[in-house]
1. For segment 420-442, name all the residues that are buried (at least 24 other Cβ atoms within 10 Å of the Cβ), under 22 Å from Thr67 (Cβ atoms) and either at pLDDT 90 or above or in contact with a Lys or Arg (Cβ under 9 Å, 6 or more places away or on another chain) (or both).
2. Among the listed residues Ala161, Ala75, identify the single one that is under 24 Å from Trp254 (Cβ atoms) and either hydrophobic (A, V, I, L, M, F, W, C) or assigned to a loop (DSSP other than H, G, I, E, B) (or both).
3. State whether one or more residues within segment 289-298 are in a strand (DSSP E or B), closer than 30 Å to Pro26 by Cα and in contact with a Phe, Trp or Tyr (Cβ under 9 Å, 6 or more places away or on another chain).
4. Among the listed residues Met51, Met37, which satisfies the condition of being out of contact with any Phe, Trp or Tyr (no Cβ under 7 Å at 6 or more places or on another chain), surrounded by fewer than 19 Cβ atoms within 10 Å (Cβ to Cβ) and in contact (Cβ under 8 Å) with a residue 24 or more places away in the chain?
5. Name every residue in segment 5-29 that is surrounded by fewer than 16 Cβ atoms within 10 Å (Cβ to Cβ) and either in contact (Cβ under 8 Å) with a residue 60 or more places away in the chain or of a type in the set (Ser, Thr, Tyr) (or both), in order of residue number.
6. How do the strands (runs of 3 or more DSSP E) wholly within segment 604-692 filter down when requiring 3 or more residues that are in contact (Cβ under 8 Å) with a residue 12 or more places away in the chain and under 30 Å from Glu723 (Cα atoms): which remain?
7. List the residue pairs whose Cβ atoms are under 6 Å apart, where the first residue sits in segment 352-363 and is assigned by TED's automatic domain parsing to the domain that holds Gln342, the second is of a type in the set (Phe, Trp, Tyr), and the two are 6 or more positions apart or on different chains.
Amino acid sequence: MMKLYDKGVYLLNGTEIVEEGTVQMPLSKEDAAKNTMAYRILEAHNTSGNMQNLQIKFDKLTSHDITFVGIIQTARASGLEKFPIPYVLTNCHNSLCAVGGTINEDDHMFGLTCAKKYGGVYVPPHQAVIHQFAREMLAGGGRMILGSDSHTRYGALGTMAMGEGGPELVKQLLNKTYDIKMPGVIGIYLDGEPMKGVGPQDVALAIIGATFKNGYVNNKVMEFVGPGVEKLSADFRIGIDVMTTETTCLSSIWKTDEKIKEFYEIHGRVEDYKELAPGACTYYDGMVYVNLSEIKPMIAMPFHPSNVYTIDEVNANLKDILHDVEQKALVSLDGAVDYSLQDKIVDGKLYVEQGIIAGCAGGGFENICAAADIVRGKYIGSDAFTFSVYPASTPVYLELVKNGAVADLMAAGTIVKTAFCGPCFGAGDTPANNAFSIRHSTRNFQNREGSKLQSGQIASVALMDARSIAATAANKGFLTPATAMDVEYSNKKYHFDSSIYANRVFDSKGVADPSVEIQFGPNIKDWPAMSALPENLVLKVVSEIHDPVTTTDELIPSGETSSYRSNPLGLAEFALSRKDPAYVGRAKEVQAAQKAIEAGTCPLDALEELKPVMETIQKVYPNVGKGNMGVGSTIFAVKPGDGSAREQAASCQKVLGGWANIANEYATKRYRSNLINWGMLPFLTEADHEALPFKNGDYIFVPDVRKVVEEKVSSVKAYVVGEELKEIELKLGDMTDTEREIILKGCLINYYRG
């Protein structure tokens, strides 16, 4: 089903895989690497003149209502006058406006008035989820799009798209560049053809299971090639593509063909189609061979998309697999709740309480049509099991109404809702305590579906394809693969009605109107002032996390906290609240000392425990003190930053006085970038996390930290402060000159203010 090559490979004529070093090639590795689709697109958008150190300018930007307020506020503080490129503001996350009073709708009105003032596009709530609108209206062959959502992936349509934290979009809004080293490119060679009942989520989960844990594609571009591509519809490819984010890759790109051209024709944009294919001799840094014919319906068990099994395997080994999931949960749940799945076994079968098809991954036309075909003439039953479907856009919804799919779903007991991302991040369809939910959405991390461990609440989410979710619904909640159903799929044709957007979406056509007054709600707050990096730094470790991976959902929970995304200090109160509830209080205690320094008073009076720390430091560094020192907090995590692109995972720490993170490695480039853009040092330690030279509550002194950053020192001498100074080594890793300057200034806002 799946093979990962140990070394680089050549692809000849798009079909023949040749391992590096086995046969003499017509091109050198360096020249053949230039024949990837990724290289050509990056080259066309690079402004540096150096393909090893890229400075990318994107064609378009897109954000949703959890992120666009903070982005525009940051850009305004940095001198924004006009959106220099098309910028689309969708409203698909904070759409339940009863949550937090007027907060969410206030954000929407902020977005609409900013689109008018600065020359952008505003998509009203419930019209489309961010990525479906981008597919329908923004993507184009050979283009590059940057979005402030981690699932910004339009590679199947020939568009190289990346999801990043908000500050990277701010740079584009200020006519700056996205600076990265040339990423590696991994070929994803698709062969064969999916069997009946297998959908895009099944293929995606199989690939995630094979590549996530070993980091095979981490921060690289996944390039989809091979004869299997042409066997997949555009919707099927899109469904695989959006899930590439869960491999931790940087971006994705696919070869294109007549089926993708037809997609653009259907959407009235055939001129945006461009044929893409690798060269006759192309070099890839690695290759994943995928035999589509052998992939079966898959399930990603709690609590990660890489925790994959076939559904048949789960049903055949139910007790053992559920026990294995429970054991894995002991690590990530840290004993906060009693967790068992054994009660889900009913008459030897797995019973689930909820099925959901939603969002950028599940809410596509073909997925929902297939689900309707499966449940037609059946009924989901009157027990605990519920079934909800969210079409990804109003045009998709309208076509499903016209062709009868919605009627079939509703007749079976399904609730069909509007375009909304809520189920994906805990703002809608939260399961009951101890319930088990199966979802065709993007993630199944703990907390992400709405659980609150600190309140004793826990639910489980497993990821599945829409087809098998519908098969389970038709079987009244008992886990069932779609391949077990005898279904005649209707394969209905899609018709796109452009008038829906033409009549409802505000499009400035790039014309700014400076006379428009921005509408601010009372919850929309400016960023607090942030200090430049001091000469010397005293850090207190205020949280210590030893999970193998820490997600951004654990660093700043999603769900009801989303209503406070436009209020930096208000949102910060939720930081680490579901992982380490004491974090905020500890961070604030330390921050009091830094505030005293900024106010020109004595930090030792604000933080009594700092006195013996300073006494120890000054025995060796007598000149460290008033005027040349900063005090702040740091956290340690083994591998933080998996998951969402949300910048708030870093900015919340910053506004609470955070100056650094310490990690064994960073899960994603985007989280590390978020730290840097908020002026936080992304320290690395090679010490084993089970034998750290420091612990929660310890102080770490970093002398001459400003000089370290200025002089591009990679290995940083620091000290754990006890009765004496104990030297440790921290590293900063590769940083661009711009990134170092941002750190020195204290954050991106300060950097642009000058």
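1. Of everything in segment 420-442, those that are buried (at least 24 other Cβ atoms within 10 Å of the Cβ), under 22 Å from Thr67 (Cβ atoms) and either at pLDDT 90 or above or in contact with a Lys or Arg (Cβ under 9 Å, 6 or more places away or on another chain) (or both) turn out to be Pro423, Cys424, Phe425, Gly426, Ser441, Thr442.
2. Among Ala161, Ala75, only Ala161 is under 24 Å from Trp254 (Cβ atoms) and either hydrophobic (A, V, I, L, M, F, W, C) or assigned to a loop (DSSP other than H, G, I, E, B) (or both).
3. yes
4. Every option except Met51 fails the conditions.
5. Scanning segment 5-29 gives Lys7, Asn13, Thr15, Thr22, Pro26, Ser28, Lys29.
6. On the way: elements: 629-637, 640-642, 658-663, 681-684.
Passing ranges, in order: 629-637, 658-663, 681-684.
7. Listed pairs, sorted by first residue: Val352/Phe436; Glu353/Phe385; Glu353/Phe436; Gly355/Phe387; Ala358/Tyr390; Gly363/Tyr390.
Each row is one residue, and each column tells you yes or no for (1) part of a strand (DSSP E or B); (2) surrounded by fewer than 23 Cβ atoms within 10 Å (Cβ to Cβ); (3) of a type in the set (Asp, Glu).
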position	(1), (2), (3)
Glu313	no, yes, yes
Lys319	no, yes, no
Ala329	no, yes, no
Leu350	yes, no, no
Ile356	yes, no, no
Ile368	no, no, no
Ser388	yes, yes, no
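The values are calculated or read from the model by the stated rules, or taken from the named source; none is laboratory data. Keep in mind that this is a model prediction, so the values were computed, not measured. Don't worry about glycine lacking a Cβ; one is built from the backbone with ideal geometry, like all the others, and counts go over all protein chains shown.
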